[in-house]
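The values are calculated or read from the model by the stated rules, or taken from the named source; none is laboratory data. Here the structure is a predicted model, which means the values were calculated and not measured.
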Amino acid sequence: MITDRDITKLKSVFATKDDLTAFATKKDLNAFATKGDLTAFATKGDMATLATAVARIETNTNGLQERMARVEVGVSDLNESVSHLEGHMIHLNGRVEELGDAVRAMDEKLDGYVVSVDAIAGKYDMLVMENGAGGLVLARHTRQIETLAKGARIKLPD
């Protein structure tokens, strides 16, 4: 039979239940990853595929950066052209205003000429009427002189 002294000696050689509480149990070990859980981690092949994809993305990004730089240059050139055109538009607007002023001045001068031409035309009409009336009077006088010369038996020069 086993005595208390034997039990005390056995306790010093073997671990007791209380001594084993610090160690992991089956339940604790089941919480660790298993072979099936390892499929969630990346493999060397997955890493190579990822590296290829990242390199392709970097290449595309570099290409996009180059395109953006060209677009920025194009936009800059376009801005310069627009600024240049705006300068021309301002200059042309000034010229249009100058031309408008010149047209108004010409219109005022032409108004003066129209008044002068109208006055001349009125005087011309008066002269035409006077000449017509003078022609009638002259023709009548010519007839009267010829009649008098015929009665006086005088020959008139042609």
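Data for the structure
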quantity: Residue selected from region 128-154 under the condition among the β-branched types (Val, Ile, Thr) and in a helix (DSSP H, G or I), by the criterion farthest from the chain's Cα centre (by Cα); calculated: Thr147
quantity: Filter result (at pLDDT below 80 and not in a loop (DSSP other than H, G, I, E, B)) within region 30-48; calculated: Asn30, Gly36, Asp37, Leu38, Thr39, Ala40
